[in-house]
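Inspection log for the structure reproduced underneath, given as C-alpha cells.
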Amino acid sequence: MPQITVENEKTFDAPEGKKLVLALEDAGIDILHRCGGIARCTTCRVEIVSGDVPPISAEEIEALEDPDLIEKYRLSCQLRVASDLTVRVWGRASAQGIEPGGRPED
Ligand code: FES
C-alpha cells in the first residue's frame, strides 16, 4: 500500500486509487476542499515534494489559472494515490477558521 507523508507531520498508508484529498482527510489532516472536489476552489491544493504523479489535467490547469500555481501545486481532489508521495498541504480548516467543505465523492 502506498505511503503518504505530510512533510514534517505524519506518514500513513493510503489505498491505491483513493483520492488524495480523502486519504489526507481520513488520516486526520484537516485539508480544505471547499468546492466538494469538483476542481473549482483550489483550496485542496498540495505541493508534491517527492513521488510520482500523473501529468496535470486540463481541469487542474483551468482551476489553478496562475502559471506559478500550476507549476507548484496539484489539486488533491483530482489526484488518486498511485505510489509513495510526500506533500505539503496548502490550506487547513483549523488554520483558517472555516469549515473544510463538503466531502468529495470517492
Ligand atoms: S478544487 Fe475544490 S476541493 Fe479540490
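Every read-out reported here was derived from the displayed coordinates using simple, explicitly stated rules and does not represent laboratory data. Just so it is clear, the model here is predicted, and its values are computed rather than measured. No Cβ is skipped: glycine too gets one built from the backbone with ideal geometry, and neighbour counts run over all protein chains shown.
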>> To make sure I understand, if each residue's beta carbon is the centre and we count other beta carbons within 10 Å, what order do Val81, Val6 fall in, fewest to most?
In response: Val6, Val81
> Using a simple charge model, +1 on the beta-carbon of Lys and Arg, -1 on the beta-carbon of Asp and Glu, nothing else, what dipole does the chain show about its Cα centre, in debye to the nearest 20?
Replying inline: 200
>> Once each part is reduced to its C-alpha centroid, what is the distance from the range 19-59 to the range 90-106 in angstrom?
In response: 11
> Farthest toward the dipole's positive end in the chain, which of Ile56, Ser83, Gly101, given Cβ charges of +1 (Lys, Arg) and -1 (Asp, Glu) about the Cα centre?
Replying inline: Gly101
> Per 5 Å bin, what is the whole-percent P(r) computed from every C-alpha pair distance within the chain?
Replying inline: 2, 14, 26, 27, 21, 9, 1
> For the pair Lys10 and Ala58, how long in nm is the line joining their label points, each one 7 Å along Cα→Cβ?
Replying inline: 3.8
> Counting Lys and Arg as +1 and Asp and Glu as -1, what is the net charge of the other residues whose Cβ lies under 10 Å from the Cβ of Gln3?
Replying inline: -2
>> So if each residue of separation counts as 0.36 nm, and I subtract the Cα-Cα distance between Asp84 and Asp26, what length gain in nm does that give?
In response: 19.2 nm
> Hey, got the Cα dimensions of the range 1-57 along the principal axes, in Å, largest first?
Replying inline: 28, 26, 21
>> Restricting to Cα pairs below 8 Å that are 6+ residues apart, what does the relative contact order work out to for the chain? Please round to a whole percent.
In response: 42
